[in-house]
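Contents: one structure, followed by commentary.
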């Protein structure tokens, strides 16, 4: 079968092909952005509701509607009684541990398997502010952890509590003084506290 092109059929054919290509592109993009979203269900892991394509469960944070700490707190409360739950950071599945014993066994006992947990894939060679244990990877993480571990032993942490309480009391006194003097200074403090 030979298709003949005429001047009258040319614009209609281009529009039809363009619409078909656009539809296929949208469908492929949707499939790509939602491909991993069934992982927690398949594994039988408790998980948050349906994620937003491309944004996952962080859509409210990415769109600026909710602070990340509030979003995580909401998820944490939603899965009260569960030892762990799953969410999606964009397309990437994340397992969130709630049980302190599970957290301890993972971060202490099995740290050799989890030292690159959710570390950014960005180089911090020139920005020392972000060059800390949470953002380090691989051998660099292991070296810093080996240096820091003795600093945060149970005995040393217990000895720090008194100093931290004293600093906190001085901060509260200073803030109360600022509030009572009311010299045109507005102080806004956003404190998030939770206990396991």
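The numbers here are math on the coordinates, done by the rules we state, and not lab data. Quick caveat, the model's predicted, so the values are computed rather than measured. Please note: Cβ atoms are built from the backbone with ideal geometry, for glycine as well, and neighbour counts cover all protein chains shown.
Taking the alpha carbon gyration tensor of region 71-114, multiplying each eigenvalue by 5 and rooting it gives semi-axes of 20, 15, 7 Å, largest first.
Modelled label positions at residue 30 and residue 145, each set 7 Å beyond Cα in the direction of Cβ, lie 4.2 nm from each other. Summarising the label geometry, the points placed 7 Å from Cα in the beta-carbon direction at residue 111 and residue 67 lie 2.9 nm from one another.
Computed on the Cα trace of region 1-101, the radius of gyration divided by the Kirkwood hydrodynamic radius gives Rg/Rh = 1.30. Label-to-label distance for residue 39 and residue 84 is 1.2 nm, based on points extended 7 Å past Cα in the beta-carbon direction.
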